[in-house]
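Q: Here it is, the structure, as C-alpha cells.
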Amino acid sequence: MGEFETGDRVVCRYGGEPRDGTYITDRDGWAVIKLDSGYNIGVSPDTCTLVERIPAIPAREADAGQDESLPLLSIVSTGGTIASRIDYRTGAVTSQFSAGDILRAIPGLSSVGRFTTRQLYTILSENMNPAIWQELARAVYEEIRDGATGVIVTHGTDTMAYSAAAVSFMVDTPVPVIFVGSQRSADRPSSDNVMNGLCSASAAVSPLGEVAVVMHDTTSDDRCAIHRGTRVRKMHSSRRDAFRSIGVSPLGYVNYPSLEVTLSDHAVRRATKGPALHDRLEERCGLVWFYPGMPPSVLSGFEGMKGLVIAGTGLGHVGTSLIQPLKAMIDAGCEVVMTTQCLHGRVCDRVYDTGRDLLDIGVIEGGDMLPETALVKLMWVLGNASGREQVRVLMTRDLKGECNGRSYNGL
Amino acid sequence: MDYEALGLKAGIEIHQQLNTHEKLFCRCPTTLRKFEERSGEFYRYLRATVSEMGEIDRAAREEMKQSRKFCYYTYDSTCLVENDEEPPAPLNTEALEICLTIARMFQMTPIEQVHTMRKLVIDGSNTSGFQRTALVAINGVLPGGGLIETICIEEEAAQRVEDETFSLDRLGIPLVEITTSPCMHTPEQVQEVAGYMGMVLRSTGRVRRGLGTIRQDVNISVRDGARVEIKGVQELDLIAEVVRREALRQVGLIAIRDELRARNASAGEEAIDVTGLFSGTASSVLKKAKVILALKLPGFGGLVGREIQPGRRLGSEFSDYAKKCGVGGIFHTDELPAYGVTGDEVAALKSAAGAGEQDCVILVAATREKAACAVSQVVRRAQMALEQVPEETRKMLEGGSTAYMRPLPGAARMYPETDVLPVCIGPDVMENLAVPELLTEKADRFATVLKFDPAVARQIAYSEQLPLFELAVTGGITPMLVYRTIYGTYKELKREGVQVEDIPDGSLIAVLKAVEEGKAAKEAIPGILTKVADGMAVGPAISECSPSMSRSDLEEIVRRILSERTDFIREKKQAALGPLMGVVMAEVRGAVDGKLVSEVLRKELERVLNA
C-alpha cells in the first residue's frame, strides 16, 4: 500500500458518514483504522484520506528509583515477557526489558531488591537451541561472579524446562537462579506476570542455592511453586499452573501477596557450592518418542548422532524390530538412553524380554529422569566426559537432582 | 420542563443477549446456572496496565483505587476460556449472523474486515480484565430520521454474586451493542426509540428474553452540561424518567456552580484531624473510626445539601467519589446535626475548622489512609462543582435517580485482541441474509389474515410464545385453538402448579392435532397437557384422559339415554335437546368432543321424534 504510515491521522468515509481515526497497518489488503471510539476496522484503503502525519512520540523513559540497601538481583532476559506495555495510539503491545520498564510494570519489585538487567535474546522459546543455552549459562555465571544475590531468567514458557535443566548442568551456583515466565500475556490486567515476577524475586533473595522455575502453583493468585530445574515439566498448554514437579515435591513455595518463602528440606541451600561454569555441550543428540508400529527407518534420521534418548513405553520398551537398528547405532558410537513416556516412575529393563534385549545391546537405563532432562544431560555428559564408560557412569549418577534413587510415595 | 430549550441531547446504547447455542469465544453452552450448582471457585487480582505514555486509562485508574481481589464461581458448563486460562476460540459465526441480520434490519453497512478488540474492564466482571468486542456495522437509520452509529458484537460480563464475587456462567454469552447518535431531544422520544429498537431485536426471534437479557445505557447532556452515561436501565418504562432526572441533575449542578462562583467559593484547603472532638460522641459511625478528618469547603454552605435529583444532593456526589477509597460515605454540616451527631459537636467542628455561615464542613471517618484518600476525592469533586458538570459513567438507582460509578472511559482502553483472527464480511453476505418480519408487521398480519382482534394479535406477536404459536399454526392447527391453548389453558395450568414450560413444542402440536382430528376431545386438553408436563408421552396421555370412544359407541350411549327418557322427549319435543345434552356430556365428558355429542344427539332426537 505504502500510502499511509502507522500513526497517520486519517478520515475514513467508509459507509457514508466520515469518521476520524488513526491508520494502524495493512492487513490482507485492507487498511486497519483505529477509530476515535477505540475500535479497529478493516476497510478498503481508498475510502480513507490522510489528514495529518503525526511523528511517533518516543516512549517515556521510566526512572528506576532503586533502594541501594536492598540485595542486588540480576534479570537476564531471553524473550519471555514479564513486562509489556500497550501503545494506545496503535494498540501495539511491546515487551519491555529495561530495569526501569520492568520496575514500572511491576512496582512491587522495588521493595524486594535492586535490579540490573541484561537482555540476552528476544526470541520465542521454541527457537531456543543448545548454543543459546550455553550463552545463557555463561551470562548467568557472570552475573553470579559479579555479585548478584540471585539471578532471574525471564523465559518463554514452552521450552523453559529444557533451559532450566541445561543451566542446572552447566552452572554450579551458590545463589538462586530462578527461571520465570508468564502463561497469560503481560498486557492483560489478569496476567500472571506480576505475581510470578514478584514471587521469583522473593525466591531469588531466599536461602535457596540451585536452579529453579518459579510459576503459579494453582489457578488462583495464591502462591507460586518453586520447582527444581531438572525435575520440572510444562504439563498444560495454557493454564497458569502448567508447571509441575515430576517425581519430587516442589523445592518450596512463595505465598502471595505476602511473598513469604518456605523451602523444603531437600532444597539445596545458598552457598552449598562455589560458582563454576562447565559450558561444553555435545549438540549432536536426539530425542525420539516411540509409538506402536514405529518403523526402524525413523531411527535413520538420527544417524551420525552421538547420543539418543528414547521415551519408551511403560518400564522403558520399544518394539522388537528396533533392537537391531539400535544395536547398530550403539556399535557405531552412539549412546542410547532409555526413559519412560509415562513421565512418572522409573524405567526397569530387567522385567520383560525386550527390556533385557535392550540392556544386552548396551542401552543405558535413564532411571526416573524426565526424557527432556535426559536429553539435555546427555548433551552435557557427552560434552564433558572422557570415554564411554564415564558417560555410562555419569548418566546413571544423580548430578543436579535429576535422578532420584527412590520413588517416593504419593508422587 | 421545556427540554428542547434546555438543549437536551440523548442517545441510547442497547445491549441485547443473543440466543445462540454456544458462547461468543468458546464452545460452552449459554445456560445460566444456580450459584449452588458451582463446581469450584478461584480468585485473582486485577491490575491496570500502563500505556506507552505511562498512563493508565482514567476509568481503569478509578477502579484501581483499592487493591482488587476477585473470586469466581466455575460450573460444569464453563471452561478454561471463561477462567482466562485458554486462548479464545474463533468468533461464533451464529452470533455474527444474528448481529448482521439486525444490522440489515437497520439498513447498516457492514465492516469489510471485522477486528475483535480488548476493552479494559477491571471491575472484576471479566476474568481477563478486558471485554472482547468487535465493531460489525455502521450507519443505520431509525424511523423518524434518527441515526444508529454502530452495532458491535461483545461478550457478556460475569454475573456479580455479591461484592467482589462473580459467577462465570454468564461470562461470554454473545450480545449486540447498538449505539444511536445523540439524536433524541425529549425523554419520551428516548423511551419510544428504545422501545422500537427492542421490538426490532425481538423480531429476529433469536435474542434472549427475560429480565437482564436486555439493558439500555442512556447518554444524556443538556446545554452547558456534560455527556453522562447511565448504565443498566433494565426497565423500558423507566427510561423517560431517567432522562428527566438526569436533565434535572445537570441543570441543578449548573445552578449550584453559578452560585458557588458568585460566592467566590473554593475547594483546596487541607483537611484537619478532628478525631479528638468526637471522643465522646453518640454517633456509632464516628465512634468506631480510627481517624476523623474534617475538610472545610468555603462558600459551599447550604449547597452541598441542596437536592439535585429526587433523593440526591451534591453531598451524595461527594460521597460517591469518597466511596472509591473504601469508606462507607461522608457526613457534611448541611445535614447535621443528625446520625447521632449533636448540635454542640457541629458547633465545635465548625469552630475547629474555622467555618462560617456560608461554609460547609465535610467529615470522613476511616483509617488514616482511607480517610486521606476520601478527602482528596471530595476535594476533586468539589473543584469540579466549581468548574462544570463532570463527564461520568453513572448507575441507575431504584426510581430513576443515579449514582456516580467512574469517569467516562477514553478510547485509551481499547487494543487489539491478537488471539482472534479478523473476520471478512463479503459483499454477498448481507444479501443472503433473510430479513425477519417485524413484530408490528406480524401483528397486522395476524389481525387481517388470521382474523384476530388487533389487541390479541399484538399480544401474540409480542409474546415469548410467538415461535410456538407460529410453529403450531404453520403445522395446520386452527389459530384460535392454538391461541386459546397457549395463552389461556397454559395460564390456568400454570396457576395450578403445572410446569407448562416442560411441555415440548412438538408434544403440544401433537395433542392439538389429535383434537382437531377428533382423536381427543377439546375438553381433555388440560388433562392431557398436565400428564405430558409430568413426562408422559402424548399417546398414552391422550388414551388415559380420553379413552377413545368411536362415533358408534357414542351413538349407542345416546340411544340408551333417549330410550330411558321417551316421556320427557314426547313432552318437550325439540326443547329436550338442551337438558339431554347435559345428561350425555356428564357421561362422556373428556372422551368425546362436545360438538360431536351435539351433532349425534340432535340426529338421534330427530329420529325418535319422527318415529
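Just so it is clear, none of the values below were taken in a lab; they were calculated from the coordinates. No experiment lies behind these values; they were computed from the predicted model shown. Ideal geometry is used to build each Cβ from the backbone, glycine not excepted, and the neighbour counts take in all protein chains shown.
Q: Shape of segment A:72-277 from its Cα gyration tensor (a ≥ b ≥ c, root eigenvalues): rounded if a/c is under 1.5, otherwise prolate when a/b > b/c, or oblate?
A: rounded
Q: Taking a ≥ b ≥ c as the square roots of the eigenvalues of the Cα gyration tensor of the protein assembly as shown, is the shape rounded (a/c under 1.5), prolate (a/b larger than b/c) or oblate?
A: In terms of gyration-tensor shape, oblate.
Q: Within a Cβ distance under 15 Å of A:H317, other residues only, what is the Lys/Arg minus Asp/Glu net charge? Walk me through the numbers on the way to the answer.
A: Numbers: positive: A:R346, A:R350, A:R356; negative: A:D349, A:D353, A:D357, A:D360, A:E365.
It works out to a net charge of -2.
Q: Of A:K306/A:K327; B:K231/B:K324; B:K23/B:K69; B:K288/B:K370; B:K522/B:K573, which ones are farther than 21 Å apart at the Cα? Please list the in-between numbers first.
A: Values: A:K306/A:K327 14 Å; B:K231/B:K324 18 Å; B:K23/B:K69 26 Å; B:K288/B:K370 14 Å; B:K522/B:K573 29 Å.
From A:K306/A:K327; B:K231/B:K324; B:K23/B:K69; B:K288/B:K370; B:K522/B:K573, over 21 Å: B:K23/B:K69; B:K522/B:K573.
Q: Give me the net charge for the shell around B:V515: Cβ to Cβ below 13 angstrom, other residues only, Lys and Arg +1, Asp and Glu -1.
A: Every neighbour counted, the sum reads +1.
Q: While we're here: Work out how much length B:E606 to B:A434 would gain on full extension: take 0.36 nm times their residue separation and subtract the Cα-Cα distance, in nm to one decimal.
A: Contour length minus Cα-Cα distance gives 56.2 nm.
Q: What does the charge count around B:I477 come to, taking other residues whose C-beta lies under 9 Å from its C-beta (Lys +1, Arg +1, Asp -1, Glu -1)?
A: Here the charged neighbours net out to 0.
Q: May I ask you to list the aspartates and glutamates whose Cα is less than 18 Å away from that of B:K442, ignoring any residue fewer than eight positions away on the same chain?
A: Cross-link targets: B:D453, B:E464, B:E470.
Q: Determine the calculated [θ] at 222 nm for the protein assembly as shown from helices alone, applying -39500 (n - 2.57) to every DSSP H run no shorter than 4 residues and normalising by the residue count; nearest 500 deg cm²/dmol.
A: It lands at -9500 deg cm²/dmol.
Q: Can you return the aspartates and glutamates within cross-link range of A:K400? Criterion is Cα-Cα under 19 Å, with same-chain partners fewer than 8 residues away left out.
A: The reachable aspartates and glutamates, counting only those whose Cα sits under 19 Å from A:K400, are A:D172, A:E210, A:D265, A:D279, A:E282, A:E365, A:D368, A:E372.
Q: Extension gain B:L471-B:T109, at 0.36 nm per residue separation less the Cα-Cα distance, in nm?
A: Fully extending the segment from B:L471 to B:T109 adds 127.1 nm.
Q: Which FRET efficiency value, to the nearest 0.05, do you get for B:E164 and A:S264 by plugging their Cβ-Cβ distance into 1/(1 + (r/R0)^6) with R0 = 41 Å?
A: 0.75
Q: Quantify how strongly other chains surround peptide A:29-36 by giving the mean number of their Cβ atoms within 10 Å of each of its Cβ atoms.
A: Whole-number average of other-chain Cβ neighbours for A:29-36 is 4.
Q: Using only Cα positions of segment B:117-209, each an equal point scatterer, no hydration layer, compute I(q)/I(0) via Debye at q = 0.14 Å⁻¹ and quote the log10 values to two decimals.
A: At q = 0.14 Å⁻¹ the computed log10 ratios are -0.66.
Q: Mind checking the angle between helix B:314-323 and chain B's longest principal axis? C-alpha axes, 0 to 90 degrees, to the nearest 10.
A: The two axes meet at around 90 degrees.
Q: I would also like to ask the following. Could you tell me which of rounded, prolate or oblate describes chain B, using a ≥ b ≥ c as the square roots of the eigenvalues of the alpha-carbon gyration tensor, with rounded for a/c under 1.5 and, failing that, prolate when a/b is larger than b/c and oblate otherwise?
A: Note, shape of chain B comes out prolate.
Q: Show me the ranking of peptides B:198-210, A:194-206 by mean Cβ neighbours inside 10 Å, starting with the highest.
A: The peptides rank, most packed first, as A:194-206, B:198-210.
Q: Measure nothing fancy, just the Cα-based angle from helix B:551-564's long axis to the longest principal axis of chain B, in degrees from 0 to 90, nearest 10.
A: 70 degrees
Q: Still on this structure, I have one more. At what distance in nm do the modelled label points of A:V51 and B:R306 sit from each other, each positioned 7 Å from its Cα along Cα→Cβ?
A: The answer from the label model is 3.9 nm.
Q: Can you list the aspartates and glutamates whose alpha carbon sits under 15 Å from that of B:K350, skipping same-chain ones fewer than 8 residues off?
A: Within the straight-line cut-off, B:K350 pairs with B:E269, B:E270, B:D273, B:D334, B:E335, B:D359.
Q: Right, something else. Taking every residue in A:40-49, how many Cβ atoms of other protein chains lie within 10 Å of its Cβ, on average?
A: Whole-number average of other-chain Cβ neighbours for A:40-49 is 4.
Q: For the pairs B:K9/B:K119; B:K494/B:K519; B:K572/B:K603, note any where the Cα-Cα span goes beyond 22 Å. Write out the running numbers ahead of the final one.
A: On the way: B:K9/B:K119 26 Å; B:K494/B:K519 25 Å; B:K572/B:K603 16 Å.
In this structure, B:K9/B:K119; B:K494/B:K519 lie more than 22 Å apart at Cα.
Q: I would also like to ask the following. If you take all C-alpha pairs in segment A:188-249, what percent of them are over 18 Å apart?
A: When all Cα pairs of segment A:188-249 are counted, 33 percent exceed 18 Å.
Q: Could you give the length gained by full extension between B:Y487 and B:A575, i.e. 0.36 nm per residue of separation minus their alpha carbon distance, to one decimal place?
A: Result: 28.1 nm gained on full extension.
Q: Under the definition of partner shielding as Cβ atoms of other protein chains within 10 Å of a residue Cβ, what is the mean value for peptide B:37-47?
A: Rounded to a whole number, the mean comes out at 4.
Q: Let me ask something additional. Based on the Cβ-Cβ distance from A:D398 to A:S69, what FRET efficiency comes out when R0 is 35 Å, to the nearest 0.05?
A: 0.35
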